[in-house]
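Asks: Here's a structure for you.
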Amino acid sequence: MKIEGLELRWASLPLVGAFRTSFGSESRRDLLLLRLVTDQAEGWSECVAMAAPVYSPEYLDGAAHVIEHVLFPEAAALSDPDVHAVSCAMQRFHGHQMAKAALETSFLDAELRALDLSLARYLGGAVDRVASGVSVGIMDTIPQLLDAVAGYLDQGYVRIKLKIEPGWDVEPVRAVRERFGDEVPLQVDANTAYTVGDARQLAKLDPFDLLLIEQPLPEDDLLGHAQLAKLVRTPICLDESITSAKVAADAITLGACSIVNIKPGRVGGYLESRRVHDVCQAHGVPVWCGGMLETGIGRAANLALASLPGFTLPGDTSASDRYFHRDVTEPFTLENGHVRVPTGPGIGVTPVPEILRELTTETRWLPANG
Ligand code: NPQ
Ligand code: MG
């Protein structure tokens, strides 16, 4: 495969409603899309970093910078830039998992399109649709939250995840259980907002029979999660902490989690995501696919990953209309609580040209021999 160049494209999409988490409230999704042009096929990907480094150390313009000046030049200089060679070549640079994931995925998509092979089949996907949950933001009032949850249950989502923070934890969970019953699969996500000292407060969630508590403590605190796991009955699931298959293995061995959320952007791509899945599966640890408010480009690839056999819990692989009035691809829809895994070559989708043109705020072409 001969690389001609890489197009970076910035865009911005309004969210259907503000999405509040313990780290802040977002009303837009700023995007960085990649289009790799080769002599055989084009490869599309989406960088999941946010505009500002409030959730992870990475941010969109920083990711674009390291792709333009460090990662892409390294990849483009390879004599045979297949996706594994690109992935290996990027390893000598520290960090920047979201930028690496975006670049690697553009190569993976181009290569698989050239091979006429879908990402799901390439990764080892076992199903043609995946059960989908929905992530529900922190609200101003309990009635507002109950209205939102009622709407999502009506649409058919098979699992509800409530964002929590100190001051918004036991009451919203109790209210949702009282209104919708004990049968609704329910879990919570704290996005690192607690400390081990909050163990007694978090143990108050135990009676509500939650599937899991996601990332209660800071990302670097594996030991704290292991201690917390002994003080609460609800299973601990890690998100932000799991930055590689190696960390996943450590976290499991340490007893820091019994469930893992896999986000390709956080671990450096789909190849490493599969390794995280494999490590967890070997330990009998269930995994599920997280979400970063991706457009159809990132969502398509996540659905392929979520079709692997170790993904035994519903993911944050919601339909396009959970976040966007209009997606950049044909929208993904919810059918009986499931979203279809794309079957076309590569990630299986491309942006709708007119929509993309309308939303784009800036593009930059990086020639391979630049
Ligand atoms: C999580 N996602 O599991 C994240 C975090 C998150 C679906 O809950 C803009 C862009 C806003 C990315 C808010 C879900 C975001 C974002 C939250 C990611 O922790
Ligand atoms: Mg999370």
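Asks: Which ranges mark the helices (runs of 4 or more DSSP H) fully within the stretch 113-184 that have 3 or more residues being under 28 Å from residue 308 (Cβ atoms) and open to solvent by less than 40 Å² (accessible area, probe 1.4 Å)? Before the answer, list the steps.
Replies: Values: elements: 119-123, 142-155, 170-180.
Correct list: 119-123.
Asks: Still on this model: Collect the residues in the stretch 193-247 that are of a type in the set (S, T, N, Q) and open to solvent by 40 Å² or more (accessible area, probe 1.4 Å), keeping them in residue-number order.
Replies: 195, 201, 227, 243
Asks: Do you know which of the residues in the stretch 218-236 that are under 13 Å from residue 192 (Cβ atoms) and in contact with a strand residue (DSSP E or B) (Cβ under 9 Å, 6 or more places away or on another chain) is nearest to ligand 1 (Cβ to nearest atom)?
Replies: Looking at the filtered set, the residue picked out is 219.
Asks: State which residue is most open to solvent (accessible area, probe 1.4 Å) when the search covers only the stretch 13-28 and only residues that are more than 16 Å from ligand 2 (Cβ to nearest atom) and of a type outside the set (S, T, N, Q).
Replies: 28
Asks: Over 17 Å from the mean Cα position of the chain (by Cα), within 16 Å of ligand 1 (Cβ to nearest atom) and open to solvent by less than 20 Å² (accessible area, probe 1.4 Å), is that true of residue 99?
Replies: Considered against the rule, which asks whether it is over 17 Å from the mean Cα position of the chain (by Cα), within 16 Å of ligand 1 (Cβ to nearest atom) and open to solvent by less than 20 Å² (accessible area, probe 1.4 Å), residue 99 comes out as no.
Asks: If I go through the stretch 214-245 residue by residue, how many of them are part of a helix (DSSP H, G or I) and in contact with a Lys or Arg (Cβ under 9 Å, 6 or more places away or on another chain)?
Replies: Residues in the stretch 214-245 being part of a helix (DSSP H, G or I) and in contact with a Lys or Arg (Cβ under 9 Å, 6 or more places away or on another chain): 2 in total.
Asks: Are there any helices (runs of 4 or more DSSP H) wholly within the stretch 252-317 with 2 or more residues that are touching a residue at least 24 places away in the same chain (Cβ under 8 Å), away from ligand 1 (no atom under 15 Å from the Cβ) and over 14 Å from the mean Cα position of the chain (by Cα), and if so which? Steps first, please.
Replies: Working: elements: 264-267, 270-282, 296-306.
Counting at least 2 such residues, we get 270-282.
Asks: Go through the stretch 126-153 and give me each residue that's of a type in the set (A, V, I, L, M), under 19 Å from residue 190 (Cβ atoms) and touching a residue at least 60 places away in the same chain (Cβ under 8 Å).
Replies: 134, 138, 139, listed by residue number.
The values are calculated or read from the model by the stated rules, or taken from the named source; none is laboratory data. Note that this is a predicted model, so its numbers are computed, not measured. A quick note on method: Cβ atoms are made from the backbone with ideal geometry, for glycine too, and the neighbour counts reach across all protein chains shown. Protein only, heavy atoms only, side chains kept; ligands, DNA and RNA dropped before computing areas. Shrake-Rupley method; radii C 1.70, N 1.55, O 1.52, S 1.80 Å.
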